[in-house]
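Accompanying notes for the structure given below.
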Amino acid sequence: MNDVLAEEAERWEGLEDALRAWLRGYGYRNIRTPILEQTGLFRRAIGEATDIVEKEMYSFVDELNGEQLTLRPEATASTVRAAIQHSLLYNGPQRYYYFGPMFRHERPQKGRYRQFHQVGAEALGFPGPDVDAEMLLMCARLWNDLGLEGLRLELNSLGSSAERAVYRGALVDYLKLREADLDEDALRRMHTNPLRVLDSKNPLMTGVIAEAPRLLEYLGAESLAHFEGVQRILKDTGIPYEINPRLVRGLDYYNLTVFEWVTDRLGAQGTVCAGGRYDGLFEQIGGKPQPACGWAMGIERLLTLLETNTMSSQAPDVYLVNQGDEAARLAFRVAEALRDYGFSVVHHCGGGSFKSQMKKADASGAAVAVILGDEEARAGEASIKPLRETREQFRVGLDALPEAVADILYPEESEV
């Protein structure tokens, strides 16, 4: 469990502000649930035979009243419990989001901590595939807003509980035939939670999993129609995806649509956002049946991913160096003119030597330094220094400056 110190906390705050604005843009409202819940809530919701309940929950007995309590390992169950307790769906479906710490007793590694933080969204009371698709569209917009690249969407359907029960029987029969090829974990799960065998990360299990029966082949017309409805909206809006028939998720409450946004840039911790539909959860924990869908994403993983994209997503196009009184006055107009052409520009302020300004230009990650001195200002020109290639510095007239910058930033387009 880590401290978040001042410099890093500022990055957290910036990301959290962006996430809140994005969520409000889709009509989601904030809900805050306790960090401690009764242990039974998670046992009923997540499932007795899941890794979270079996191995990872921080549970203890409250010595004052003998209650079994647990530090929340996730927040969907808590949100649904609050919705039932406070009749939040009395006036119709609701959209909520949450931020906060979660707790799982896992082996700590980069991107995975025992106290970790999640942002999540829950759409409660919506039955159709449209809200499933909206949740995927909003994630795609977030990646674009944050400048994140290399994220891909994996999609599957778990069907109804009755369809899964039939599939479970077929899967157990298959696993029994391959029992000699199963690892210890799969042998244990075969009789408690056989679908989780499909999620094994053991490379020795690859062949067994690849040849296992596929859940999609056991879905009925209604479940297939829901899944096709989600895919149709994704296709209509141009969101690429791939169907992963082995995607089952680690929580028992899911049904129908499940999904993960994954990346190759975080090593073993490649899942950035995950979720799906959980229509049975309200009834499972004592409420009236209600359809629902949601996702959660790890704040630490998002921040790590943003770090790997810093140069490409946050670096300016141009760093404007200026020295001398005439140059300083002209620099504001030059910076605004470049911005009018769509370039992102950092205008150096606060003075300093030419050498120190060039060091800051290089550290900014900008592709180009535009240099104004009093000599250039009097001549109506600017010097251009490419910072990410070996081309020599050169001078152009101010009217030709945007095109010269574009030639460096987009050489392939300028050649065409």
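Every number here is computed from the coordinates shown, using simple stated rules; none is lab data. All figures in this text were calculated on a predicted structure; none of them were measured in a lab. Here the Cβ is made from the backbone with ideal geometry for all residues, glycine too, and neighbour counts use every protein chain on show.
The C-alpha atoms of the chain define a longest principal axis, and helix 76-85 lies at about 70 degrees to it. Charge dipole (Cα centre; +1 on Lys/Arg Cβ, -1 on Asp/Glu Cβ; no other charges) of the chain amounts to roughly 960 debye.
Just report the Cα centroid separation between segment 337-416 and segment 206-250, whole Å. Cα centres, segment 337-416 to segment 206-250: 49 Å.
DSSP loop (so not H, G, I, E, B), at most 12 other Cβ within 10 Å: list which GluC sites (Glu not before Pro) in segment 1-48 pass both filters. Filter output for segment 1-48: 48.
Each of the peptides 345-355, 87-97 was scored by the mean count of other Cβ atoms within 10 Å over its residues; in descending order, highest first, they stand as 87-97, 345-355.
The calculated 222 nm mean residue ellipticity attributable to helices in the chain amounts to -12000 deg cm²/dmol, summing -39500 (n - 2.57) over DSSP H runs of n ≥ 4 and dividing by all residues. For the chain, the longest principal axis of the Cα atoms and the long axis of helix 129-146 meet at an angle of about 30 degrees. Look at (i) -0.58; (ii) -0.53; (iii) -0.38: the one that is log10 I(q)/I(0) by the Debye sum over Cα atoms at q = 0.08 Å⁻¹ derived from this structure is (i). An ellipsoid equivalent to segment 316-410, defined through the eigenvalues of its Cα gyration tensor, has semi-axes of 17, 15, 13 Å when rounded to whole angstrom and sorted largest first. Taking a sphere under 11 Å around the Cβ of residue 218 and counting the other residues whose Cβ falls inside, with K and R at +1 and D and E at -1, yields a net charge of +1.
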